[in-house]
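Note sheet for the following structure.
All of the numbers you see were taken from the coordinates with simple rules; none came from a lab. The structure presented is a predicted model; accordingly, all values stated were derived computationally and were not measured. FYI the Cβ positions are ideal-geometry reconstructions off the backbone, even for glycines, and counts take in every protein chain you see.
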Amino acid sequence: MTGTLRDRLRARQLPTAVVRLPADPAGYAAAEQYFDAATRALQLAQARQVPDLGPYEQAVKDATAAVEGQAVEVFTLRCLAPADWEALITEHPASDEQRKQGWQWDVVEFRPALLAEAVVAPEGEKALSESDWRFLAEQGQLTVGELDLLFATAVNLQTRQPQVSVGKGSAGTPS
């Protein structure tokens with residue numbers, strides 16, 4: 001390590017995370033079902049000691065290719081600067097009732113606001129706005145599970161506490 005602690009900290013980049021969602025959820029689900037059926041058929045053939053497993057193994061390979069061949073939307077999420085994260089929470093405060101339930105923010109308004117800030121627009125595209133995210137949720141183009149995955153990933157980026165493992169003999173290990 002070179003430079004001062006200040007220099008090293010200033011050079012750090014905040015973390016990002018990638019979430020992949022199926023571009024065609026119905027097609028992806030069908031491919032997953034095909035894979036599950038092929039896998040079950042192979043396991044059953046193995047249990048029955050079928051002498052030639054080749055066709056079953058080929059079906060699993062074909063099903064794997066079908067799943068892997070599905071188009072996906074790739075979402076890159078970024079960690080916000082702490083001041084931006086705190087400002088976002090301040091802009092979307094929890095109601096008294098939500099606070100009693102342990103929420104730090106308005107559970108309806110905060111999700112689209114955070115996604116608008118945390119999801120990085122693909123190169124050459126305009127970022128989705130808070131109203132875009134709200135529309136997608138209301139109109140059902142994204143499932144609740146997909147929205148929850150994106151939101152949880154964004155929240156986890158902001159609040160993660162890395163587990164630092166310090167090896168024997170390092171500066172952080174007592175002698």
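Things to note:
- VAL74, VAL107 arranged by Cβ crowding within 10 Å, fewest neighbours leading: VAL74, VAL107
- Loop-resident sites, the stretch 17-106, for trypsin sites (Lys or Arg not before Pro), counting at most 11 other Cβ within 10 Å (DSSP): ARG48
- Arranged from fewest to most other beta-carbon atoms within 10 Å of their beta carbon, ASP62, ASP106 become ASP62, ASP106.
- Cα shape, the stretch 79-161, gyration tensor, a/c 1.5 rule: oblate
- Taking the convex hull of Cα positions in the chain, its mean projected area over all directions (nm²): 18.5 nm²
- Put in line by how crowded their Cβ is, counting other Cβ atoms within 10 Å and starting with the fewest, SER165, SER131, SER95 read SER165, SER131, SER95.
- Using the rule -39500 (n - 2.57) for each DSSP H run of four or more residues, divided by the residues of the chain, the 222 nm mean residue ellipticity is -17000 deg cm²/dmol.
- For the stretch 27-103, the set of chymotrypsin sites (Phe, Trp or Tyr not before Pro) satisfying both a DSSP loop assignment and a count of at most 16 other C-beta atoms within 10 Å is given as TRP103.
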